[in-house]
Amino acid sequence: QVQLVESGGGLVQPGGSLRLSCAASGSIFRFYVMGWYRQAPGKQRELVATITSGSNTSYADSVKGRFTISRDNAKNTVYLQMDSLKPDDTAVYYCYAVYSTNIGGTPTQGWGQGTQVTVSS
């Protein structure tokens, strides 16, 4: 069983910064993609950023230039550095991963439990 555990959420003022972490544990052979989604109250879950096993990154237009995704393969951890935060960034942020647990195994999707980010003065 693979678990994804987020940390680093909290309350921050507009213009401030937060760094989210997502640590994966369990029997993991390979990660294909890791990333972050978010869901604000009354809205659908949306993609924020992803990073592939080759470290190719992609971002939602709304966070480009403000958020940076990175990963530490040795620690099976993905990070989201969020700068210049805005009230519209307020949401529950979910870690996401596509991985396999053995050679030739079927890629599987996994989600973390979510961490709240609130941007408010």
Checking the cross-link filter: which lysines have an alpha carbon closer than 29 Å to that of residue 43, excluding same-chain neighbours under 8 positions apart?
64, 86
Inter-label distance for residue 11 and residue 66, nm, one decimal - labels placed 7 Å from Cα along Cα-to-Cβ
2.0 nm
When a/c reaches 1.5 or more, the comparison of a/b and b/c decides; with that in mind, is region 1-71 rounded, prolate or oblate per its Cα gyration tensor?
prolate
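If you take the beta carbon distance between residue 86 and residue 47 as r and set R0 to 22 Å, what does 1/(1 + (r/R0)^6) give as a FRET efficiency, to the nearest 0.05? Kindly include the intermediate steps, with their values, before the conclusion.
On the way: r = 17 Å, r/R0 = 0.79.
According to the calculation, E is roughly 0.80.
Grab the other residues whose beta carbon is less than 15 angstrom from that of residue 17, score K and R as +1, D and E as -1, and report the net. If you can, show how the numbers build up before the last one.
Details: positive: 19, 66, 86; negative: 83, 89.
For residues surrounding residue 17, the net value is +1.
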With a point put 7 Å past each Cα toward its Cβ, work out how far residue 25 is from residue 1 in nm, to one decimal.
1.2 nm
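Using 0.36 nm times the number of residues separating residue 55 and residue 113, minus their current alpha carbon distance, what extension gain do you get?
Numbers: separation 58, 0.36 × 58 = 20.88 nm, distance 2.40 nm.
Full extension from residue 55 to residue 113 adds 18.5 nm.
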I need the phi-derived Karplus couplings for region 68-80: 6.51 cos²θ - 1.76 cosθ + 1.60, θ = phi - 60°, integer Hz, Gly and Pro marked x.
9, 9, 8, 9, 10, 5, 5, 9, 6, 10, 10, 10, 9
What number does region 52-121 give for Rg over Rh if you use C-alpha atoms and the Kirkwood radius?
1.02
With +1 on each Lys and Arg Cβ and -1 on each Asp and Glu Cβ, how big is the dipole of the chain about its Cα centre, in debye rounded to the nearest 20?
100 debye
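What does the charge count around residue 116 come to, taking other residues whose C-beta lies under 12 Å from its C-beta (Lys +1, Arg +1, Asp -1, Glu -1)? All intermediate terms of the calculation are to be shown ahead of the outcome.
Details: positive: 38; negative: 6, 89.
In short, -1.
Bear in mind these aren't lab numbers, they're just calculated from the coordinates by the rules spelled out. Keep in mind it's a predicted model, so treat the numbers as computed, not measured. Note: ideal-geometry Cβ built from the backbone for every residue, glycine included; neighbour counts use all protein chains shown.
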